[in-house]
2 protein chains.
Amino acid sequence: MPHTYITDGAEIYRQSFATIRAEADLARFTPEEEIVAVRMIHAAGMVGLEAHVEFSPGMAIAARAALEAGAPILCDARMVSEGVTRGRLPAGNQVICTLHDAGVADLAKQMGNTRSAAALEMWRPHLAGAVVAIGNAPTALFHLLNMLEDPTCPRPAAIIGCPVGFIGAAESKAALMEVLPVPSLIVRGRLGGSAITVAAINALASRVE
Amino acid sequence: MPHTYITDGAEIYRQSFATIRAEADLARFTPEEEIVAVRMIHAAGMVGLEAHVEFSPGMAIAARAALEAGAPILCDARMVSEGVTRGRLPAGNQVICTLHDAGVADLAKQMGNTRSAAALEMWRPHLAGAVVAIGNAPTALFHLLNMLEDPTCPRPAAIIGCPVGFIGAAESKAALMEVLPVPSLIVRGRLGGSAITVAAINALASRVE
(Lines give C-alpha, C1' and ligand atoms only; values in the text may rest on other atoms or scores of the structure.)
Protein backbone atom coordinates (compact mmCIF):
# COMPACT_ATOMS: atom_id res chain seq x y z
CA MET A 1 0.00 0.00 0.00
CA PRO A 2 1.46 3.38 -0.91
CA HIS A 3 2.92 5.52 1.84
CA THR A 4 0.88 8.64 2.52
CA TYR A 5 2.57 11.91 3.41
CA ILE A 6 2.22 15.68 3.04
CA THR A 7 2.96 16.53 -0.59
CA ASP A 8 2.29 20.31 -0.51
CA GLY A 9 5.66 22.05 -0.29
CA ALA A 10 4.21 25.28 1.12
CA GLU A 11 2.36 23.36 3.84
CA ILE A 12 5.55 21.44 4.72
CA TYR A 13 7.36 24.75 5.21
CA ARG A 14 4.50 26.18 7.31
CA GLN A 15 4.39 23.17 9.63
CA SER A 16 8.18 22.99 9.84
CA PHE A 17 8.58 26.63 10.87
CA ALA A 18 5.68 26.33 13.33
CA THR A 19 7.36 23.31 14.95
CA ILE A 20 10.64 25.20 15.23
CA ARG A 21 8.97 28.25 16.78
CA ALA A 22 7.17 26.01 19.28
CA GLU A 23 10.34 24.20 20.34
CA ALA A 24 13.29 26.56 19.95
CA ASP A 25 14.40 29.31 22.32
CA LEU A 26 14.37 32.35 20.05
CA ALA A 27 13.67 35.07 22.62
CA ARG A 28 17.08 36.75 22.45
CA PHE A 29 16.91 37.40 18.69
CA THR A 30 15.59 40.61 17.11
CA PRO A 31 12.73 40.10 14.62
CA GLU A 32 15.20 40.47 11.70
CA GLU A 33 17.48 37.84 13.26
CA GLU A 34 14.70 35.45 14.26
CA ILE A 35 13.62 34.58 10.73
CA VAL A 36 17.25 33.83 9.87
CA ALA A 37 17.77 31.66 12.94
CA VAL A 38 14.55 29.73 12.22
CA ARG A 39 15.68 28.89 8.70
CA MET A 40 19.14 27.84 9.95
CA ILE A 41 17.50 25.47 12.48
CA HIS A 42 15.30 24.16 9.66
CA ALA A 43 18.28 23.38 7.44
CA ALA A 44 20.09 21.61 10.25
CA GLY A 45 17.03 19.69 11.44
CA MET A 46 18.15 20.63 14.90
CA VAL A 47 16.37 22.59 17.59
CA GLY A 48 19.16 23.72 19.91
CA LEU A 49 21.31 25.10 17.11
CA GLU A 50 20.03 28.55 18.08
CA ALA A 51 22.16 28.48 21.22
CA HIS A 52 25.25 28.67 19.00
CA VAL A 53 23.97 31.28 16.53
CA GLU A 54 25.48 34.75 17.04
CA PHE A 55 24.78 37.92 15.09
CA SER A 56 26.87 41.04 15.58
CA PRO A 57 24.58 44.04 16.21
CA GLY A 58 22.84 45.11 13.02
CA MET A 59 24.22 42.27 10.89
CA ALA A 60 20.85 40.97 9.69
CA ILE A 61 19.71 44.45 8.66
CA ALA A 62 23.04 45.24 6.96
CA ALA A 63 23.12 41.98 5.01
CA ARG A 64 19.50 42.32 3.89
CA ALA A 65 20.07 45.93 2.78
CA ALA A 66 23.17 44.90 0.83
CA LEU A 67 21.30 42.11 -0.96
CA GLU A 68 18.41 44.43 -1.77
CA ALA A 69 20.92 46.90 -3.21
CA GLY A 70 22.26 44.17 -5.52
CA ALA A 71 25.32 42.93 -3.62
CA PRO A 72 26.98 39.82 -5.04
CA ILE A 73 27.14 36.73 -2.81
CA LEU A 74 30.65 35.29 -2.51
CA CYS A 75 30.66 31.57 -1.59
CA ASP A 76 33.57 29.38 -0.55
CA ALA A 77 32.08 26.15 -1.93
CA ARG A 78 29.87 24.98 -4.76
CA MET A 79 27.47 23.38 -2.29
CA VAL A 80 26.85 26.90 -0.96
CA SER A 81 26.51 28.65 -4.32
CA GLU A 82 24.24 25.88 -5.68
CA GLY A 83 22.00 26.00 -2.62
CA VAL A 84 21.09 29.67 -2.89
CA THR A 85 17.51 29.86 -4.19
CA ARG A 86 17.76 32.17 -7.19
CA GLY A 87 14.05 33.05 -7.06
CA ARG A 88 14.47 34.55 -3.58
CA LEU A 89 17.23 36.98 -4.60
CA PRO A 90 15.87 40.56 -4.51
CA ALA A 91 18.03 42.10 -7.25
CA GLY A 92 19.18 39.29 -9.53
CA ASN A 93 22.30 39.20 -7.36
CA GLN A 94 25.37 37.42 -8.72
CA VAL A 95 26.29 34.23 -6.84
CA ILE A 96 30.01 33.64 -7.16
CA CYS A 97 32.18 30.66 -6.24
CA THR A 98 35.78 30.85 -7.44
CA LEU A 99 36.96 27.52 -6.01
CA HIS A 100 37.30 25.86 -9.40
CA ASP A 101 38.63 28.91 -11.25
CA ALA A 102 41.71 28.42 -13.42
CA GLY A 103 44.84 29.16 -11.45
CA VAL A 104 43.44 28.47 -7.98
CA ALA A 105 45.23 25.13 -7.59
CA ASP A 106 48.58 26.65 -8.62
CA LEU A 107 48.04 29.67 -6.41
CA ALA A 108 47.29 27.38 -3.45
CA LYS A 109 50.64 25.65 -3.97
CA GLN A 110 52.44 29.01 -4.15
CA MET A 111 50.67 30.21 -1.00
CA GLY A 112 51.20 26.93 0.86
CA ASN A 113 47.50 27.01 1.71
CA THR A 114 44.31 25.18 0.74
CA ARG A 115 42.48 25.78 -2.54
CA SER A 116 39.58 27.12 -0.46
CA ALA A 117 41.82 29.87 0.90
CA ALA A 118 43.52 30.59 -2.43
CA ALA A 119 40.12 30.95 -4.14
CA LEU A 120 39.42 34.04 -2.02
CA GLU A 121 42.18 35.94 -3.81
CA MET A 122 39.87 35.79 -6.86
CA TRP A 123 37.17 37.54 -4.81
CA ARG A 124 39.05 40.88 -4.67
CA PRO A 125 37.30 42.52 -7.67
CA HIS A 126 33.87 41.60 -6.19
CA LEU A 127 34.53 42.11 -2.49
CA ALA A 128 33.47 45.74 -1.96
CA GLY A 129 29.95 45.70 -0.52
CA ALA A 130 29.46 41.97 -1.11
CA VAL A 131 27.81 39.46 1.21
CA VAL A 132 30.31 36.72 2.04
CA ALA A 133 29.04 33.17 2.70
CA ILE A 134 31.67 30.80 4.05
CA GLY A 135 30.04 27.45 4.84
CA ASN A 136 32.81 24.94 4.46
CA ALA A 137 36.45 25.81 4.99
CA PRO A 138 37.94 27.32 8.16
CA THR A 139 41.05 28.14 6.11
CA ALA A 140 38.91 30.38 3.87
CA LEU A 141 37.60 32.34 6.85
CA PHE A 142 41.08 32.68 8.37
CA HIS A 143 42.46 33.85 5.03
CA LEU A 144 39.67 36.39 4.65
CA LEU A 145 40.51 37.82 8.08
CA ASN A 146 44.13 38.11 7.03
CA MET A 147 43.18 39.79 3.74
CA LEU A 148 41.09 42.31 5.68
CA GLU A 149 44.05 43.20 7.92
CA ASP A 150 45.27 45.17 4.90
CA PRO A 151 43.36 48.47 5.09
CA THR A 152 43.46 48.76 1.28
CA CYS A 153 41.52 45.48 0.88
CA PRO A 154 37.90 46.22 -0.12
CA ARG A 155 35.32 45.62 2.67
CA PRO A 156 32.33 43.32 2.23
CA ALA A 157 28.99 44.53 3.62
CA ALA A 158 28.58 41.46 5.85
CA ILE A 159 30.10 38.05 6.52
CA ILE A 160 28.28 34.79 7.19
CA GLY A 161 31.06 32.75 8.73
CA CYS A 162 29.83 29.20 9.28
CA PRO A 163 32.65 26.80 8.42
CA VAL A 164 32.16 23.39 10.01
CA GLY A 165 34.37 20.82 11.64
CA PHE A 166 36.99 19.80 14.09
CA ILE A 167 40.15 21.70 13.10
CA GLY A 168 40.01 25.48 12.87
CA ALA A 169 36.26 25.94 12.58
CA ALA A 170 35.62 27.06 16.16
CA GLU A 171 38.86 29.08 16.17
CA SER A 172 38.21 30.91 12.89
CA LYS A 173 34.66 31.86 13.90
CA ALA A 174 35.78 33.08 17.32
CA ALA A 175 38.46 35.18 15.60
CA LEU A 176 35.87 36.68 13.23
CA MET A 177 33.66 37.82 16.11
CA GLU A 178 36.64 39.13 18.07
CA VAL A 179 38.07 41.18 15.17
CA LEU A 180 34.66 41.93 13.63
CA PRO A 181 35.94 43.68 10.49
CA VAL A 182 32.32 44.05 9.25
CA PRO A 183 28.90 42.92 10.59
CA SER A 184 29.00 39.14 10.91
CA LEU A 185 26.98 36.01 11.70
CA ILE A 186 28.47 32.79 13.00
CA VAL A 187 27.51 29.43 14.45
CA ARG A 188 29.91 29.17 17.37
CA GLY A 189 31.90 25.96 17.78
CA ARG A 190 32.13 22.96 15.48
CA LEU A 191 28.65 23.12 13.96
CA GLY A 192 28.04 24.91 10.67
CA GLY A 193 28.24 23.87 7.07
CA SER A 194 26.87 24.62 3.65
CA ALA A 195 23.19 23.93 4.39
CA ILE A 196 23.10 26.24 7.41
CA THR A 197 24.98 28.93 5.46
CA VAL A 198 22.62 28.66 2.49
CA ALA A 199 19.65 28.89 4.86
CA ALA A 200 20.99 32.16 6.26
CA ILE A 201 21.43 33.63 2.77
CA ASN A 202 17.99 32.46 1.67
CA ALA A 203 16.41 34.02 4.76
CA LEU A 204 18.26 37.32 4.34
CA ALA A 205 17.37 37.46 0.63
CA SER A 206 13.60 37.48 1.07
CA ARG A 207 11.09 37.95 3.87
CA VAL A 208 8.83 35.31 2.31
CA GLU A 209 8.74 32.20 4.50
CA MET B 1 49.13 40.46 13.09
CA PRO B 2 48.04 37.69 10.70
CA HIS B 3 46.09 34.78 12.15
CA THR B 4 48.07 31.54 12.11
CA TYR B 5 46.35 28.24 11.39
CA ILE B 6 46.94 24.84 9.80
CA THR B 7 47.04 25.36 6.03
CA ASP B 8 47.82 21.79 4.91
CA GLY B 9 44.56 20.19 3.77
CA ALA B 10 45.79 16.62 4.23
CA GLU B 11 46.93 17.39 7.78
CA ILE B 12 43.55 19.00 8.57
CA TYR B 13 41.81 15.78 7.46
CA ARG B 14 44.18 13.61 9.49
CA GLN B 15 43.67 15.60 12.68
CA SER B 16 39.92 15.84 12.11
CA PHE B 17 39.46 12.10 11.68
CA ALA B 18 41.75 11.39 14.65
CA THR B 19 39.65 13.71 16.83
CA ILE B 20 36.45 11.98 15.71
CA ARG B 21 37.88 8.50 16.42
CA ALA B 22 39.02 9.64 19.87
CA GLU B 23 35.62 11.09 20.79
CA ALA B 24 32.90 9.14 18.95
CA ASP B 25 31.42 5.78 19.91
CA LEU B 26 32.06 3.74 16.77
CA ALA B 27 32.30 0.26 18.30
CA ARG B 28 29.08 -1.11 16.81
CA PHE B 29 30.09 -0.40 13.20
CA THR B 30 31.85 -2.88 10.91
CA PRO B 31 35.15 -1.64 9.44
CA GLU B 32 33.39 -0.86 6.13
CA GLU B 33 30.73 1.12 7.98
CA GLU B 34 33.12 2.88 10.33
CA ILE B 35 34.91 4.90 7.66
CA VAL B 36 31.53 6.06 6.36
CA ALA B 37 30.26 7.04 9.80
CA VAL B 38 33.49 8.95 10.54
CA ARG B 39 33.11 11.03 7.38
CA MET B 40 29.42 11.71 8.14
CA ILE B 41 30.39 12.98 11.62
CA HIS B 42 33.09 15.11 10.00
CA ALA B 43 30.63 16.74 7.60
CA ALA B 44 28.18 17.47 10.40
CA GLY B 45 30.83 18.72 12.82
CA MET B 46 29.01 16.67 15.41
CA VAL B 47 30.26 13.81 17.55
CA GLY B 48 27.08 12.05 18.65
CA LEU B 49 25.65 11.84 15.14
CA GLU B 50 26.82 8.22 15.09
CA ALA B 51 24.05 7.24 17.51
CA HIS B 52 21.52 7.99 14.75
CA VAL B 53 23.42 6.36 11.85
CA GLU B 54 21.97 3.01 10.77
CA PHE B 55 23.21 0.71 8.03
CA SER B 56 21.20 -2.30 6.93
CA PRO B 57 23.42 -5.42 6.93
CA GLY B 58 25.85 -5.36 4.02
CA MET B 59 24.84 -1.89 2.81
CA ALA B 60 28.33 -0.38 2.89
CA ILE B 61 29.81 -3.33 0.98
CA ALA B 62 26.97 -3.33 -1.58
CA ALA B 63 27.19 0.40 -2.21
CA ARG B 64 30.97 0.35 -2.57
CA ALA B 65 30.80 -2.61 -4.97
CA ALA B 66 28.16 -0.85 -7.06
CA LEU B 67 30.25 2.32 -7.30
CA GLU B 68 33.36 0.32 -8.22
CA ALA B 69 31.30 -1.38 -10.95
CA GLY B 70 30.39 2.03 -12.38
CA ALA B 71 26.94 2.66 -10.87
CA PRO B 72 25.51 6.12 -11.42
CA ILE B 73 24.74 8.23 -8.35
CA LEU B 74 21.20 9.63 -8.31
CA CYS B 75 20.83 12.77 -6.18
CA ASP B 76 17.68 14.58 -5.09
CA ALA B 77 19.31 18.02 -4.87
CA ARG B 78 22.03 20.03 -6.57
CA MET B 79 23.76 20.54 -3.23
CA VAL B 80 24.22 16.75 -3.12
CA SER B 81 25.35 16.30 -6.72
CA GLU B 82 27.74 19.27 -6.50
CA GLY B 83 29.27 17.99 -3.27
CA VAL B 84 30.38 14.61 -4.62
CA THR B 85 34.15 14.75 -5.09
CA ARG B 86 34.65 13.67 -8.69
CA GLY B 87 38.27 12.66 -8.09
CA ARG B 88 37.17 10.05 -5.53
CA LEU B 89 34.81 8.23 -7.92
CA PRO B 90 36.26 4.81 -8.78
CA ALA B 91 34.81 4.43 -12.31
CA GLY B 92 34.07 7.90 -13.64
CA ASN B 93 30.55 7.35 -12.32
CA GLN B 94 27.78 9.61 -13.60
CA VAL B 95 26.35 11.95 -10.96
CA ILE B 96 22.75 12.77 -11.83
CA CYS B 97 20.31 15.32 -10.41
CA THR B 98 17.06 15.70 -12.35
CA LEU B 99 15.48 18.37 -10.12
CA HIS B 100 15.83 21.14 -12.70
CA ASP B 101 15.04 18.98 -15.76
CA ALA B 102 12.48 20.33 -18.23
CA GLY B 103 9.04 19.06 -17.37
CA VAL B 104 9.62 18.44 -13.67
CA ALA B 105 7.66 21.50 -12.51
CA ASP B 106 4.68 20.56 -14.72
CA LEU B 107 4.85 16.94 -13.64
CA ALA B 108 4.84 18.00 -9.99
CA LYS B 109 1.62 19.94 -10.58
CA GLN B 110 0.03 16.94 -12.31
CA MET B 111 1.13 14.62 -9.49
CA GLY B 112 0.08 17.04 -6.76
CA ASN B 113 3.50 16.54 -5.21
CA THR B 114 6.76 18.45 -4.75
CA ARG B 115 9.28 19.00 -7.54
CA SER B 116 11.70 16.91 -5.50
CA ALA B 117 9.32 13.93 -5.72
CA ALA B 118 8.42 14.48 -9.37
CA ALA B 119 12.12 14.62 -10.32
CA LEU B 120 12.47 10.95 -9.33
CA GLU B 121 10.25 9.92 -12.23
CA MET B 122 13.16 11.04 -14.46
CA TRP B 123 15.42 8.57 -12.62
CA ARG B 124 13.71 5.47 -14.06
CA PRO B 125 16.12 4.93 -17.01
CA HIS B 126 19.10 5.14 -14.59
CA LEU B 127 17.69 3.38 -11.54
CA ALA B 128 18.75 -0.24 -12.12
CA GLY B 129 21.87 -0.87 -10.04
CA ALA B 130 22.32 2.81 -9.14
CA VAL B 131 23.32 4.29 -5.80
CA VAL B 132 20.59 6.66 -4.61
CA ALA B 133 21.56 9.68 -2.49
CA ILE B 134 18.60 11.54 -0.98
CA GLY B 135 19.88 14.32 1.26
CA ASN B 136 17.16 16.92 1.21
CA ALA B 137 13.51 16.05 0.60
CA PRO B 138 11.44 13.59 2.64
CA THR B 139 8.88 13.67 -0.20
CA ALA B 140 11.54 12.28 -2.56
CA LEU B 141 12.26 9.35 -0.26
CA PHE B 142 8.56 8.63 0.25
CA HIS B 143 7.97 8.77 -3.51
CA LEU B 144 10.88 6.39 -4.15
CA LEU B 145 9.38 3.90 -1.69
CA ASN B 146 6.08 4.15 -3.54
CA MET B 147 7.80 3.70 -6.93
CA LEU B 148 9.52 0.56 -5.60
CA GLU B 149 6.19 -0.94 -4.53
CA ASP B 150 5.73 -1.66 -8.23
CA PRO B 151 7.69 -4.90 -8.81
CA THR B 152 8.43 -3.80 -12.40
CA CYS B 153 10.27 -0.69 -11.19
CA PRO B 154 14.05 -1.16 -11.57
CA ARG B 155 15.93 -1.67 -8.27
CA PRO B 156 18.87 0.49 -7.21
CA ALA B 157 21.85 -1.26 -5.63
CA ALA B 158 21.65 0.81 -2.45
CA ILE B 159 19.89 3.82 -0.96
CA ILE B 160 21.40 6.56 1.19
CA GLY B 161 18.24 8.05 2.72
CA CYS B 162 19.19 11.11 4.73
CA PRO B 163 16.52 13.77 4.19
CA VAL B 164 16.53 16.39 6.94
CA GLY B 165 13.90 18.29 8.85
CA PHE B 166 10.78 18.48 10.88
CA ILE B 167 7.99 17.19 8.63
CA GLY B 168 8.32 13.72 7.11
CA ALA B 169 12.06 13.25 7.50
CA ALA B 170 11.96 10.92 10.50
CA GLU B 171 8.89 9.13 9.10
CA SER B 172 10.31 8.57 5.60
CA LYS B 173 13.58 7.20 6.95
CA ALA B 174 11.79 4.89 9.40
CA ALA B 175 9.65 3.63 6.50
CA LEU B 176 12.75 2.97 4.39
CA MET B 177 14.33 0.80 7.08
CA GLU B 178 11.05 -1.03 7.75
CA VAL B 179 10.36 -1.84 4.08
CA LEU B 180 14.05 -2.15 3.16
CA PRO B 181 13.56 -2.61 -0.60
CA VAL B 182 17.38 -2.67 -1.07
CA PRO B 183 20.37 -2.22 1.28
CA SER B 184 20.06 1.21 2.89
CA LEU B 185 21.73 3.77 5.15
CA ILE B 186 19.86 6.40 7.15
CA VAL B 187 20.33 8.98 9.85
CA ARG B 188 17.35 8.26 12.09
CA GLY B 189 15.20 11.23 13.16
CA ARG B 190 15.36 14.85 12.07
CA LEU B 191 19.09 15.10 11.39
CA GLY B 192 20.47 14.55 7.91
CA GLY B 193 21.01 16.80 4.94
CA SER B 194 23.11 17.26 1.87
CA ALA B 195 26.51 17.52 3.58
CA ILE B 196 26.04 14.28 5.54
CA THR B 197 24.75 12.52 2.41
CA VAL B 198 27.67 13.73 0.31
CA ALA B 199 30.06 12.56 3.02
CA ALA B 200 28.59 9.05 2.86
CA ILE B 201 28.97 8.94 -0.94
CA ASN B 202 32.52 10.29 -0.78
CA ALA B 203 33.45 7.66 1.83
CA LEU B 204 31.88 4.81 -0.12
CA ALA B 205 33.54 5.96 -3.35
CA SER B 206 37.13 5.63 -2.14
CA ARG B 207 39.00 4.09 0.80
CA VAL B 208 41.44 7.03 0.78
CA GLU B 209 40.92 9.15 3.88
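General observations
- Condition check for B:Ile73: surrounded by fewer than 23 Cβ atoms within 10 Å (Cβ to Cβ) and more than 16 Å from B:Leu176 (Cβ to Cβ): no
- Which numbered condition A:Thr7 misses (of (1) more than 20 Å from A:Leu127 (Cα to Cα); (2) in a helix (DSSP H, G or I); (3) within 8 Å of another protein chain (Cβ to nearest Cβ)): (2)
- Candidates B:Arg190, B:Arg207, filtered to the one that is more than 9 Å from the chain's Cα centre (by Cα) and without any contact (Cβ under 8 Å) to a residue 40 or more places away in the chain: B:Arg190
- The residue pairs whose first member lies in the stretch A:83-100 and is without any contact (Cβ under 8 Å) to a residue 40 or more places away in the chain and hydroxyl-bearing (Ser, Thr, Tyr), whose second member is surrounded by 17 or more Cβ atoms within 10 Å (Cβ to Cβ) and assigned to a helix (DSSP H, G or I), and whose beta carbons are closer than 8 Å, counting only pairs six or more residues apart or on different chains, are A:Thr98/A:Val104; A:Thr98/A:Ala119; A:Thr98/A:Leu120; A:Thr98/A:Met122; A:Thr98/A:Trp123.
- Residue list for the stretch B:101-113, filter: facing chain A (nearest Cβ under 9 Å) and either in contact (Cβ under 8 Å) with a residue 24 or more places away in the chain or more than 17 Å from A:Gly9 (Cβ to Cβ) (or both): B:Asn113
- Failed item in (1) open to solvent by 40 Å² or more (accessible area, probe 1.4 Å); (2) within 17 Å of B:Gly189 (Cβ to Cβ); (3) more than 14 Å from chain A (Cβ to nearest Cβ), with B:Phe55 passing the rest: (1)
- For the stretch B:22-35, the criterion of being at pLDDT 95 or above, among the charged types (D, E, K, R) and under 13 Å from the mean Cα position of the chain (by Cα) is satisfied by no residue at all.
- The residues listed here are B:Ala133, B:Ala175, B:Ala157; of these, the one that is facing another protein chain (nearest Cβ under 10 Å), in contact (Cβ under 8 Å) with a residue 12 or more places away in the chain and of a type outside the set (D, E, K, R) is B:Ala175.
- For the stretch B:15-37, the set of residues classified as within 11 Å of chain A (Cβ to nearest Cβ), open to solvent by less than 20 Å² (accessible area, probe 1.4 Å) and either outside any loop (DSSP other than H, G, I, E, B) or under 19 Å from A:Pro163 (Cβ atoms) (or both) consists of B:Ser16, B:Phe17, B:Ile20, listed by residue number.
- Residue that is more than 8 Å from every other protein chain (Cβ to nearest Cβ), among the hydrophobic types (A, V, I, L, M, F, W, C) and under 17 Å from A:Glu209 (Cα atoms), where the choices are A:Ile41, A:Ile12: A:Ile41
- Members of the stretch A:114-130 found to be more than 11 Å from every other protein chain (Cβ to nearest Cβ) and in a loop (DSSP other than H, G, I, E, B), listed by number: A:Leu127, A:Ala128, A:Gly129, A:Ala130
- Reported count of residues in the stretch A:78-100, each being open to solvent by 30 Å² or more (accessible area, probe 1.4 Å) and closer than 17 Å to A:Leu204 by Cβ, is 9.
The values are calculated or read from the model by the stated rules, or taken from the named source; none is laboratory data. What you are looking at is a predicted structure, and each value in this text was computed from that prediction instead of being measured. Here the Cβ is made from the backbone with ideal geometry for all residues, glycine too, and neighbour counts use every protein chain on show. Ligands, DNA and RNA are stripped out before the accessible areas are found, and what is left, the full protein with its side chains, is counted by its heavy atoms. Shrake-Rupley method; radii C 1.70, N 1.55, O 1.52, S 1.80 Å.
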